[in-house]
Structures are given as C-alpha cells and as structure tokens.
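Scroll down for the structure; my scribbles are underneath it.
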Amino acid sequence: MKLVFAGTPEVAVPALDALLASERHEVAAVVTRPDAPAGRGRRLVASPVAERAREAGIEVLKPVKPRDPEFLERLREIAPDCCPVVAYGALLPRAALDIPERGWVNLHFSLLPAWRGAAPVQHAVMAGDEITGASTFLIEEGLDSGPVYGTVTEEIRPTDTSGDLLTRLAFAGAGLLAATMDGIADGTLKAVPQPADGVTLAPKVSVEDARVDWNAPALRVGRIVRGCTPAPGAWTTFRGERLKLVQVVPAPDHTDLAPGRVSAGKNNVYVGTGSHAVELLWVQAQGKKPMRAADWARGARIGAEETVGT
C-alpha cells in the first residue's frame with residue numbers, strides 16, 4: 001500500500017522505521033506537528049518524526065491544523081491507501097479521515113477499551129495495572145473508540161516508570177503496526193468492534209496531577225512517582241520551593257514517620273506517608289540537576305522537624 005505516516009514524538013519513530021523497512025509498502029510522506037520551541041534558547045525544533053523523515057528523504061507535511069485546506073489538498077494529491085498513526089497529537093477531521101480508501105489506523109499504547117486518551121501508559125502505571133499492551137484500530141470520530149485490528153501485551157514491572165514502559169511498547173507496537181498494514185493489504189485482517197464494558201479514560205496528566213499527596217499510602221506515592229516519570233515529573237514542596245521526585249522506593253520497616261515528615265541520615269532520606277515511609281533515592285531541587293537524595297539532604301541541612309508538601 002501507499003502510506004502517509006502521521007506521528008510526532010520520539011516514541012513514534014520505531015513504528016516509522018518498521019514501515020520504512022517494509023518491502024511491501026511505500027511511505028510516501030509523513031504528517032507531523034509544526035516545529036516547536038525547545039531548550040533554553042526556545043528556538044524552533046522539528047519533531048523527531050520530521051527529522052527521521054528528512055533523513056529518509058520523505059516529504060514532510062506540518063499543518064497547523066489537519067483541517068487546513070492546503071494540507072487536505074496535498075493529501076488528496078498523494079492519494080494514500082492507508083494512513084498509519086502513532087502519537088500524532090491532533091484530532092483528525094472527517095474531511096481528512098475520508099481521504100485514504102482504507103482509513104487511518106492508530107497504534108495506541110493500551111489494550112483497548114482500557115485507557116482511551118492521551119496518556120494511557122502513565123495511567124496504567126499509576127493505577128497499578130500488571131498487564132498492558134498496544135492496539136491497532138481504525139480511527140473514527142470518537143475518542144479511541146474504533147474497531148481493533150490487533151494487540152500485543154506487555155507486563156508492567158514493579159520498578160517500571162512510564163518512560164521505561166513506553167519505550168518497550170514503542171518497539172513492540174512497531175511490529176504490530178507493520179503486521180497490521182500487511183493484513184489490511186492482504187485483506188486477511190478484519191477490525192473487531194471494541195466491547196462496551198471495560199472502558200477507562202486516560203486524559204493528559206497535568207502538573208497538578210503529579211503533586212504527591214503524602215497522606216496517601218506508600219504504594220500510591222510510588223505509583224505516582226513512577227507514572228509521572230519522566231513527564232510531567234512527580235513533585236512536592238520543601239521550604240516553599242518545588243522539589244521533583246525522580247525515584248523513590250518503599251521503606252516498610254519505617255513506620256514511625258508522620259505523613260510528609262522527613263528523616264535524613266548520612267546515606268538515606270525517608271519521608272512518611274499514610275502507611276509506612278518511602279525512601280527518596282533521587283530528587284531534583286528547583287533550578288538544580290537531579291542528584292542523590294542523600295546529597296541533597298546534606299546540602300539542605302535538613303532539621304529534625306522538617307516536612308515536605310506543606
């Protein structure tokens with residue numbers, strides 16, 4: 001098939017690579033979000049998908065909105081058979097959905113109908129799911145509600161951050177998307193409607209969602225930290241400034257700390273929760289680079305009665 005691939009972040013690049021490597025399909029162009037400011041200088045930077053397409057010598061389309069008439073006209077001129085999508089980042093209007101004969105097929109990082117929305121991996125980690133995966137489905141105008149072509153499953157490990165899990169799913173999902181394109185081309189793969197039961201939603205995780213509630217049990221605190229790593233980053237406050245929590249582990253032997261109370265020793269830093277304490281391993285103070293929590297505590301000269309999160 002002739003394909004137009006739509007995607008934006010680094011997590012979409014493995015799927016693009018898998019399609020570029022296929023001898024059965026031609027990636028005629030990619031659609032990605034416009035260049036965005038990045039870094040301290042806030043200079044405009046092309047998306048990872050745009051950069052990979054440029055390296056491969058493929059046409060790159062960067063519509064401000066996918067309903068832009070110029071973009072729709074160019075898409076009609078290319079006349080793709082199918083448009084595979086991975087984390088493109090914009091809603092597709094009906095005018096765009098109707099152009100490819102075999103539709104737009106999305107690679108979504110959950111086992112649908114679970115975790116429909118922008119942040120399925122983060123929500124799966126924060127909810128304590130043991131198994132997740134990726135699904136390919138035919139895009140409709142509803143939110144991730146279209147019929148499913150195929151799935152792969154992936155175990156969520158006890159120490160997984162959302163970044164760890166997403167990296168594994170990006171590569172597993174790349175193979176799934178390539179196989180889905182093969183099956184659609186052959187006519188051997190049919191999309192199956194999603195069940196009505198088991199629908200959960202995964203909206204974008206905001207900075208406020210990533211703020212740790214120390215009255216919650218240690219298990220919940222750990223899940224929030226892992227689920228919000230690397231983005232948007234779990235955090236609390238210390239002496240009126242934001243403190244990012246990069247890595248924490250449960251400390252079930254420490255049960256005598258009140259929620260938010262800090263206990264700093266020579267090599268360990270513990271914080272009380274609604275159950276037992278957690279040990280801070282890595283933190284990032286405001287305006288600083290990530291550092292070991294023990295080093296941060298020594299530099300901050302933490303007193304005996306200090307707390308975080310108040």
The residue from R40, R54 that alone is modelled with pLDDT under 95 and open to solvent by 70 Å² or more (accessible area, probe 1.4 Å) is R40
Over the range 160-188, the set of residues open to solvent by less than 50 Å² (accessible area, probe 1.4 Å) and not in a helix (DSSP H, G or I) is D160, T161, G187
| Would the range 231-244 turn up any residue that is in contact with a Ser or Thr (Cβ under 9 Å, 6 or more places away or on another chain), on the phi > 0 side of the Ramachandran plot and surrounded by fewer than 22 Cβ atoms within 10 Å (Cβ to Cβ)? | no
How many residues of the range 41-64 are more than 22 Å from the chain's Cα centre (by Cα), charged (D, E, K, R) and on the phi < 0 side of the Ramachandran plot? The answer is 4
Scanning the range 36-64 residue by residue, those within 18 Å of A87 (Cβ to Cβ) and basic (K, R) turn out to be R52, K62
T32 meets each of (1) among the polar types (S, T, N, Q); (2) under 30 Å from R223 (Cα atoms); (3) in contact with a helix residue (DSSP H, G or I) (Cβ under 8 Å, 6 or more places away or on another chain) with one exception, condition (2)
| said: On the basis of being acidic (D, E) and within 30 Å of P290 (Cα to Cα), does D164 make the cut? | reply: yes
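Condition test on P203, is it outside any helix (DSSP H, G or I), without any contact (Cβ under 8 Å) to a residue 60 or more places away in the chain and not basic (K, R)?
Values: outside any helix (DSSP H, G or I): yes; without any contact (Cβ under 8 Å) to a residue 60 or more places away in the chain: no; not basic (K, R): yes.
Answer is no for this residue.
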For the range 259-287 the number of residues that are part of a loop (DSSP other than H, G, I, E, B) and either in contact with a Ser or Thr (Cβ under 7 Å, 6 or more places away or on another chain) or modelled with pLDDT of 95 or more (or both) is 6
In the range 25-36, anything out of contact with any strand residue (DSSP E or B) (no Cβ under 6 Å at 6 or more places or on another chain) and at pLDDT below 95 is listed as A36
Notebook entry, point to check: Any residue in the range 2-14 that is open to solvent by 60 Å² or more (accessible area, probe 1.4 Å), within 15 Å of P84 (Cα to Cα) and in a strand (DSSP E or B)?
Noted result: yes
**Prompt:** Yes or no: G117 at pLDDT 95 or above, under 15 Å from V199 (Cα atoms) and either open to solvent by 40 Å² or more (accessible area, probe 1.4 Å) or under 15 Å from the mean Cα position of the chain (by Cα) (or both)?
**Reply:** yes
Within the range 89-98, residues under 19 Å from T136 (Cα atoms) and either open to solvent by 90 Å² or more (accessible area, probe 1.4 Å) or of a type in the set (V, I, T) (or both) come out as L91, D98
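For the range 243-254, does any single residue satisfy the condition of being part of a loop (DSSP other than H, G, I, E, B) and in contact with a His (Cβ under 7 Å, 6 or more places away or on another chain)? Working first, answer last.
At the first step, the residues of the range 243-254 found to be part of a loop (DSSP other than H, G, I, E, B) are 252-254.
Next, only the ones that are in contact with a His (Cβ under 7 Å, 6 or more places away or on another chain) stay: 252, 254.
Within the range 243-254 (the criterion being part of a loop (DSSP other than H, G, I, E, B) and in contact with a His (Cβ under 7 Å, 6 or more places away or on another chain)), the answer is yes, since at least one residue qualifies.
The values are calculated or read from the model by the stated rules, or taken from the named source; none is laboratory data. Remember, predicted model here, so these are calculated numbers, not experimental data. Cβ sites come from the backbone with ideal geometry, for glycine too, and all protein chains shown count toward neighbours. These area figures cover heavy atoms from the full protein model, side chains too; ligands, DNA and RNA do not enter into them. Shrake-Rupley method; radii C 1.70, N 1.55, O 1.52, S 1.80 Å.
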